[in-house]
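Everything below concerns the one structure shown next.
The values are calculated or read from the model by the stated rules, or taken from the named source; none is laboratory data. Model, not experiment: these values are computed from the prediction. Cβ: placed from backbone, ideal geometry, glycine included. Neighbour counts: every protein chain shown. The accessibility values were calculated without ligands, DNA or RNA, using every heavy atom of the protein model including side chains. Shrake-Rupley method; radii C 1.70, N 1.55, O 1.52, S 1.80 Å.
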Amino acid sequence: MREITDITTFTTQQPTVLTIGTFDGVHLGHQKIVKRVVTTAHQEGLLATVFTFFPHPRMVVQHDKGLKLIHTLEEKKQLLQQLGVDLLVVQPFNEAFAQLTAEEFVSTILVQHLNVKKVIIGYDHRFGRNRTANIDDMRLFGEKYGFAVEEISVQEVDEVSVSSTKIREALNKGDVTTAEHYLGTPYSLTGTVVHGLKLGRTLGYPTANIQVTEDYKLIPKDGVYAVYSYIGGRKVYGMMSIGKNPTIEGKGASIEVYFFDFNGDLYDQKLTIEFVQYLREEQKFDTIDLLKKQLQDDETAARKAIAV
(Lines give C-alpha, C1' and ligand atoms only; values in the text may rest on other atoms or scores of the structure.)
Protein backbone atom coordinates (compact mmCIF):
# COMPACT_ATOMS: atom_id res chain seq x y z
CA MET A 1 0.00 0.00 0.00
CA ARG A 2 1.31 3.40 -0.95
CA GLU A 3 0.64 6.29 1.41
CA ILE A 4 0.32 9.90 0.26
CA THR A 5 0.45 12.73 2.77
CA ASP A 6 0.84 15.62 0.31
CA ILE A 7 -1.63 15.26 -2.55
CA THR A 8 -0.29 18.42 -4.24
CA THR A 9 2.91 16.59 -5.18
CA PHE A 10 1.23 13.37 -6.35
CA THR A 11 -0.60 12.30 -9.49
CA THR A 12 -1.41 8.83 -10.76
CA GLN A 13 -1.69 7.70 -14.37
CA GLN A 14 -3.56 4.59 -13.28
CA PRO A 15 -7.22 5.44 -12.64
CA THR A 16 -8.69 4.97 -9.17
CA VAL A 17 -11.81 3.75 -7.40
CA LEU A 18 -12.09 5.57 -4.10
CA THR A 19 -14.10 6.17 -1.00
CA ILE A 20 -13.87 9.14 1.34
CA GLY A 21 -14.20 9.26 5.11
CA THR A 22 -12.55 9.58 8.50
CA PHE A 23 -12.77 5.80 9.09
CA ASP A 24 -12.19 6.03 12.81
CA GLY A 25 -12.29 2.51 14.10
CA VAL A 26 -11.99 0.45 10.93
CA HIS A 27 -14.85 -1.72 12.16
CA LEU A 28 -16.97 -4.28 10.31
CA GLY A 29 -19.12 -1.58 8.69
CA HIS A 30 -16.09 0.28 7.37
CA GLN A 31 -14.48 -2.97 6.30
CA LYS A 32 -17.51 -3.81 4.17
CA ILE A 33 -17.23 -0.50 2.31
CA VAL A 34 -13.46 -0.73 1.85
CA LYS A 35 -13.75 -4.33 0.59
CA ARG A 36 -16.26 -3.12 -2.02
CA VAL A 37 -13.75 -0.50 -3.18
CA VAL A 38 -10.97 -3.10 -3.35
CA THR A 39 -13.09 -5.68 -5.20
CA THR A 40 -14.41 -3.12 -7.70
CA ALA A 41 -10.96 -1.67 -8.35
CA HIS A 42 -9.22 -4.99 -8.83
CA GLN A 43 -11.95 -6.33 -11.13
CA GLU A 44 -11.43 -3.33 -13.39
CA GLY A 45 -7.65 -3.05 -13.07
CA LEU A 46 -7.83 0.21 -11.12
CA LEU A 47 -6.22 1.44 -7.90
CA ALA A 48 -8.23 0.79 -4.74
CA THR A 49 -8.00 4.11 -2.93
CA VAL A 50 -9.08 5.45 0.45
CA PHE A 51 -9.11 9.21 1.00
CA THR A 52 -9.07 10.02 4.71
CA PHE A 53 -8.13 12.89 7.00
CA PHE A 54 -5.85 13.65 9.91
CA PRO A 55 -6.45 15.19 12.33
CA HIS A 56 -10.14 14.37 12.59
CA PRO A 57 -12.13 17.27 11.02
CA ARG A 58 -14.05 17.82 14.28
CA MET A 59 -10.76 18.66 15.98
CA VAL A 60 -10.20 21.48 13.49
CA VAL A 61 -13.63 22.77 12.53
CA GLN A 62 -15.30 22.42 15.95
CA HIS A 63 -12.04 22.74 17.95
CA ASP A 64 -13.04 19.52 19.74
CA LYS A 65 -9.82 18.91 21.68
CA GLY A 66 -11.48 16.29 23.86
CA LEU A 67 -12.36 13.97 20.98
CA LYS A 68 -10.88 10.50 21.45
CA LEU A 69 -10.42 8.19 18.48
CA ILE A 70 -10.93 4.43 18.36
CA HIS A 71 -7.83 3.93 16.23
CA THR A 72 -4.62 5.90 15.98
CA LEU A 73 -3.51 6.91 12.51
CA GLU A 74 -0.91 4.13 12.50
CA GLU A 75 -3.50 1.52 13.52
CA LYS A 76 -5.84 2.74 10.78
CA LYS A 77 -3.08 2.45 8.17
CA GLN A 78 -2.29 -1.13 9.18
CA LEU A 79 -5.94 -2.18 9.03
CA LEU A 80 -6.52 -0.59 5.63
CA GLN A 81 -3.40 -2.24 4.26
CA GLN A 82 -4.64 -5.62 5.48
CA LEU A 83 -7.91 -5.03 3.60
CA GLY A 84 -6.01 -4.71 0.32
CA VAL A 85 -6.04 -0.95 -0.23
CA ASP A 86 -3.52 0.08 -2.89
CA LEU A 87 -3.38 3.81 -2.24
CA LEU A 88 -4.06 5.64 1.02
CA VAL A 89 -4.32 9.42 0.96
CA VAL A 90 -4.03 10.94 4.43
CA GLN A 91 -5.09 14.52 3.86
CA PRO A 92 -3.84 16.97 6.50
CA PHE A 93 -7.11 18.56 7.62
CA ASN A 94 -6.52 22.24 8.25
CA GLU A 95 -8.31 25.54 7.75
CA ALA A 96 -7.02 25.90 4.18
CA PHE A 97 -8.34 22.48 3.14
CA ALA A 98 -11.65 23.17 4.89
CA GLN A 99 -12.08 26.26 2.68
CA LEU A 100 -11.98 24.32 -0.61
CA THR A 101 -15.26 24.48 -2.49
CA ALA A 102 -16.87 21.20 -3.44
CA GLU A 103 -15.94 21.62 -7.09
CA GLU A 104 -12.36 22.60 -6.25
CA PHE A 105 -12.05 19.42 -4.20
CA VAL A 106 -13.46 17.27 -6.98
CA SER A 107 -11.73 18.87 -9.97
CA THR A 108 -8.31 19.35 -8.37
CA ILE A 109 -7.91 16.47 -5.94
CA LEU A 110 -10.16 13.70 -7.21
CA VAL A 111 -9.83 14.30 -10.94
CA GLN A 112 -6.46 15.99 -11.48
CA HIS A 113 -4.41 14.24 -8.82
CA LEU A 114 -6.23 10.94 -8.25
CA ASN A 115 -7.54 10.27 -11.78
CA VAL A 116 -10.82 9.01 -10.31
CA LYS A 117 -13.08 6.70 -12.32
CA LYS A 118 -15.54 5.77 -9.55
CA VAL A 119 -16.44 7.27 -6.16
CA ILE A 120 -18.18 5.03 -3.61
CA ILE A 121 -19.78 7.12 -0.84
CA GLY A 122 -22.74 7.16 1.52
CA TYR A 123 -26.13 8.62 0.69
CA ASP A 124 -25.56 11.25 3.42
CA HIS A 125 -21.97 12.16 2.52
CA ARG A 126 -21.33 15.91 2.58
CA PHE A 127 -18.22 17.68 1.35
CA GLY A 128 -16.73 20.99 0.31
CA ARG A 129 -16.60 24.28 2.21
CA ASN A 130 -19.04 24.20 5.13
CA ARG A 131 -20.07 20.71 3.96
CA THR A 132 -22.64 22.20 1.60
CA ALA A 133 -22.42 19.60 -1.21
CA ASN A 134 -24.04 16.16 -1.12
CA ILE A 135 -24.19 12.96 -3.16
CA ASP A 136 -26.45 14.58 -5.77
CA ASP A 137 -23.77 17.22 -6.33
CA MET A 138 -21.15 14.46 -6.58
CA ARG A 139 -23.24 12.78 -9.30
CA LEU A 140 -23.40 16.07 -11.24
CA PHE A 141 -19.62 16.46 -10.92
CA GLY A 142 -19.27 12.86 -12.08
CA GLU A 143 -21.21 13.65 -15.24
CA LYS A 144 -19.12 16.77 -15.81
CA TYR A 145 -15.71 15.21 -15.17
CA GLY A 146 -16.32 11.66 -16.36
CA PHE A 147 -16.48 9.41 -13.29
CA ALA A 148 -19.17 7.15 -11.84
CA VAL A 149 -20.74 7.50 -8.39
CA GLU A 150 -21.94 4.50 -6.40
CA GLU A 151 -24.17 5.12 -3.41
CA ILE A 152 -23.75 3.28 -0.12
CA SER A 153 -27.25 2.50 1.13
CA VAL A 154 -29.04 4.01 4.11
CA GLN A 155 -28.87 0.68 5.92
CA GLU A 156 -25.10 0.35 5.41
CA VAL A 157 -24.35 3.96 6.40
CA ASP A 158 -26.50 3.63 9.53
CA GLU A 159 -24.64 0.42 10.33
CA VAL A 160 -21.34 2.29 10.19
CA SER A 161 -22.62 5.17 12.32
CA VAL A 162 -24.20 2.90 14.92
CA SER A 163 -21.08 0.76 15.10
CA SER A 164 -18.77 3.72 15.78
CA THR A 165 -21.12 5.08 18.45
CA LYS A 166 -21.55 1.70 20.12
CA ILE A 167 -17.79 1.06 20.14
CA ARG A 168 -17.13 4.37 21.90
CA GLU A 169 -19.96 3.83 24.38
CA ALA A 170 -18.78 0.30 25.10
CA LEU A 171 -15.17 1.29 25.69
CA ASN A 172 -16.20 4.13 27.98
CA LYS A 173 -18.02 1.49 30.05
CA GLY A 174 -15.13 -0.97 29.90
CA ASP A 175 -17.16 -3.30 27.69
CA VAL A 176 -14.34 -4.52 25.47
CA THR A 177 -16.40 -7.58 24.45
CA THR A 178 -18.97 -5.43 22.64
CA ALA A 179 -16.21 -3.34 21.07
CA GLU A 180 -14.62 -6.51 19.72
CA HIS A 181 -18.00 -7.59 18.29
CA TYR A 182 -18.21 -4.43 16.17
CA LEU A 183 -14.51 -4.23 15.30
CA GLY A 184 -14.19 -7.87 14.30
CA THR A 185 -10.94 -8.03 16.28
CA PRO A 186 -10.02 -7.33 19.93
CA TYR A 187 -9.66 -3.68 20.88
CA SER A 188 -6.02 -2.81 21.41
CA LEU A 189 -3.65 -0.07 22.40
CA THR A 190 0.03 0.31 21.62
CA GLY A 191 2.65 1.96 23.75
CA THR A 192 6.23 1.91 24.96
CA VAL A 193 7.25 0.19 28.20
CA VAL A 194 8.65 2.87 30.51
CA HIS A 195 10.10 2.88 34.01
CA GLY A 196 7.59 3.26 36.84
CA LEU A 197 7.95 3.27 40.61
CA LYS A 198 8.62 -0.50 40.52
CA LEU A 199 6.14 -1.07 43.34
CA GLY A 200 4.51 -4.00 41.55
CA ARG A 201 7.48 -6.25 42.15
CA THR A 202 7.25 -5.65 45.90
CA LEU A 203 3.67 -6.98 45.71
CA GLY A 204 4.72 -10.05 43.75
CA TYR A 205 3.29 -8.59 40.53
CA PRO A 206 6.01 -6.82 38.51
CA THR A 207 4.27 -4.80 35.83
CA ALA A 208 5.13 -3.25 32.51
CA ASN A 209 4.12 0.43 32.48
CA ILE A 210 2.69 1.28 29.07
CA GLN A 211 2.99 4.83 27.79
CA VAL A 212 0.62 5.60 24.91
CA THR A 213 2.08 8.45 22.86
CA GLU A 214 -1.09 9.50 21.02
CA ASP A 215 -3.14 11.57 23.46
CA TYR A 216 -6.19 11.27 21.22
CA LYS A 217 -6.36 7.47 21.55
CA LEU A 218 -9.49 6.27 23.35
CA ILE A 219 -8.41 4.49 26.53
CA PRO A 220 -11.12 2.21 27.97
CA LYS A 221 -12.72 2.87 31.35
CA ASP A 222 -10.47 2.66 34.41
CA GLY A 223 -10.39 -0.84 35.81
CA VAL A 224 -8.75 -4.25 35.52
CA TYR A 225 -8.80 -6.32 32.32
CA ALA A 226 -7.65 -9.69 31.06
CA VAL A 227 -5.32 -9.03 28.10
CA TYR A 228 -2.62 -10.51 25.92
CA SER A 229 0.31 -9.35 23.82
CA TYR A 230 2.78 -10.88 21.40
CA ILE A 231 6.27 -10.76 22.86
CA GLY A 232 9.12 -12.18 20.82
CA GLY A 233 6.60 -13.92 18.59
CA ARG A 234 4.87 -15.61 21.54
CA LYS A 235 1.33 -14.87 22.72
CA VAL A 236 1.58 -13.94 26.39
CA TYR A 237 -1.52 -13.43 28.53
CA GLY A 238 -1.80 -11.16 31.52
CA MET A 239 -3.91 -8.63 33.39
CA MET A 240 -3.94 -4.90 32.87
CA SER A 241 -4.78 -2.10 35.28
CA ILE A 242 -5.90 1.27 33.94
CA GLY A 243 -6.46 3.97 36.51
CA LYS A 244 -5.39 6.45 39.13
CA ASN A 245 -3.89 3.97 41.65
CA PRO A 246 -5.78 5.38 44.68
CA THR A 247 -4.27 2.89 47.14
CA ILE A 248 -0.66 3.99 46.57
CA GLU A 249 -0.16 7.65 47.40
CA GLY A 250 1.74 9.68 44.85
CA LYS A 251 1.72 7.05 42.12
CA GLY A 252 -0.78 8.77 39.85
CA ALA A 253 -2.47 7.52 36.70
CA SER A 254 -0.96 4.63 34.79
CA ILE A 255 -1.56 1.74 32.41
CA GLU A 256 0.19 -1.36 33.73
CA VAL A 257 0.32 -4.99 32.61
CA TYR A 258 1.36 -8.02 34.60
CA PHE A 259 2.21 -10.83 32.20
CA PHE A 260 1.62 -14.39 33.36
CA ASP A 261 4.46 -16.91 33.28
CA PHE A 262 6.87 -14.41 31.76
CA ASN A 263 10.34 -13.23 32.73
CA GLY A 264 12.20 -10.72 30.64
CA ASP A 265 13.26 -7.12 30.24
CA LEU A 266 10.60 -5.17 28.35
CA TYR A 267 11.87 -1.63 28.96
CA ASP A 268 11.76 0.62 25.88
CA GLN A 269 9.95 -2.06 23.85
CA LYS A 270 6.81 -1.13 21.96
CA LEU A 271 3.95 -3.49 22.81
CA THR A 272 0.43 -3.85 21.46
CA ILE A 273 -1.97 -4.93 24.18
CA GLU A 274 -5.15 -6.75 23.10
CA PHE A 275 -8.16 -6.68 25.44
CA VAL A 276 -9.93 -9.93 26.31
CA GLN A 277 -12.38 -9.09 29.11
CA TYR A 278 -13.22 -6.47 31.72
CA LEU A 279 -12.76 -7.88 35.22
CA ARG A 280 -13.58 -5.16 37.75
CA GLU A 281 -13.59 -1.47 38.58
CA GLU A 282 -10.62 0.26 40.16
CA GLN A 283 -10.79 0.23 43.97
CA LYS A 284 -9.03 1.85 46.89
CA PHE A 285 -7.82 -0.58 49.56
CA ASP A 286 -7.20 0.24 53.20
CA THR A 287 -4.00 -1.80 53.35
CA ILE A 288 -1.35 -3.13 50.98
CA ASP A 289 -2.19 -6.67 52.14
CA LEU A 290 -5.78 -6.22 50.95
CA LEU A 291 -4.45 -4.97 47.61
CA LYS A 292 -2.19 -8.04 47.30
CA LYS A 293 -5.15 -10.32 48.03
CA GLN A 294 -7.19 -8.57 45.34
CA LEU A 295 -4.35 -8.94 42.82
CA GLN A 296 -4.34 -12.68 43.49
CA ASP A 297 -8.11 -12.78 42.91
CA ASP A 298 -7.64 -10.74 39.74
CA GLU A 299 -5.10 -13.23 38.43
CA THR A 300 -7.49 -16.10 39.11
CA ALA A 301 -10.31 -14.25 37.31
CA ALA A 302 -8.08 -13.31 34.37
CA ARG A 303 -6.80 -16.85 33.91
CA LYS A 304 -10.41 -18.09 33.98
CA ALA A 305 -11.43 -15.52 31.33
CA ILE A 306 -8.52 -16.52 29.13
CA ALA A 307 -9.36 -20.24 29.45
CA VAL A 308 -12.91 -19.71 28.10
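Think of the range 186-306 as having a plus end and a minus end, set by charges on the Cβ of Lys, Arg, Asp and Glu; of V224, I306, Y258, I306 sits farthest toward the positive end of this dipole.
So if I place +1 on the C-beta of Lys and Arg and -1 on the C-beta of Asp and Glu, and nothing else carries charge, what would the dipole magnitude of the chain be about its Cα centre? I want it in debye, nearest 20. Can you show the working numbers first?
Working: 34 positive and 39 negative charges, 74 e Å.
So the dipole magnitude of the chain works out to roughly 360 debye.
Of the solvent-accessible surface of the range 2-162, computed with a 1.4 Å probe over protein heavy atoms with every protein chain present, carbon and sulfur atoms account for 49 percent. Note on the range 1-145: Cα Rg divided by 2.2 N^0.38 Å, N the number of residues, gives 0.99. Once the Cα atoms of helix 288-307 and of the chain are each reduced to a long axis, what angle between those two axes, in degrees from 0 to 90 to the nearest 10, is obtained? So the helix axis and the longest Cα principal axis differ by about 50 degrees. Taking GluC sites (Glu not before Pro) as exposed when DSSP calls them loop and at most 16 other C-beta atoms lie within 10 angstrom, the chain has its longest site-free stretch at 45-213.
Solvent-accessible area of the range 186-306 (1.4 angstrom probe, protein heavy atoms only): carbon and sulfur portion equals 48 percent. In the chain, the C-alpha radius of gyration followed by the widest Cα-Cα span (Dmax) gives 22.5, 74 angstrom.
Entry note, the range 186-306: relative contact order of 32 percent, from Cα contacts under 8 Å with a spacing of 6+ residues. Helical content alone sets the calculated 222 nm signal of the chain at -9500 deg cm²/dmol, taking -39,500 (n - 2.57) per DSSP H segment of four or more residues and averaging over every residue. Relative to the longest principal axis of the Cα atoms of the chain, helix 73-82 runs at roughly 70 degrees. The trypsin sites (Lys or Arg not before Pro) found in the range 93-182 include none that occupy coil by DSSP while having at most 12 further C-beta atoms within 10 Å. With respect to the cross-link table entries K221/K284; K76/K235; K76/K217, which display a Cα-Cα separation exceeding 19 Å? Among K221/K284; K76/K235; K76/K217, the Cα-Cα distance tops 19 Å for K76/K235. Ranking Q81, Q14, T272 by Cα position along the charge dipole of the chain, where only Lys, Arg, Asp and Glu carry charges on their C-beta atoms, puts T272 farthest toward the positive end.
The distance from the alpha carbon centre of the range 117-182 to that of the range 29-88 is 11 Å, rounded to a whole number. As a length-normalised measure over Cα pairs under 8 Å and 6 or more apart, the relative contact order of the chain settles at 16 percent.
Let me make sure I get this right: for the range 186-306, a, b and c are the square roots of the gyration tensor eigenvalues over alpha carbons, sorted descending. Under 1.5 in a/c it's rounded, otherwise prolate if a/b > b/c, else oblate. Which is it?
rounded
Other residues lying with their Cβ under 14 Å from the Cβ of L183 contribute a combined charge of -3, Lys and Arg counting +1, Asp and Glu -1. What the chain shows is 49 Å² of accessible area per residue, with the surface traced by a 1.4 Å probe over protein heavy atoms.
Within the range 257-308, all pairs of alpha-carbon atoms sorted by distance into 10 Å bins from zero give the percentages 18, 44, 35, 3. Computed from Cα atoms, the angle from the helix 28-43 axis to the main principal axis of the chain rounds to 40 degrees. For the range 20-112, applying the loop criterion from DSSP together with a ceiling of 14 other beta carbons within 10 Å to the trypsin sites (Lys or Arg not before Pro) yields K65.
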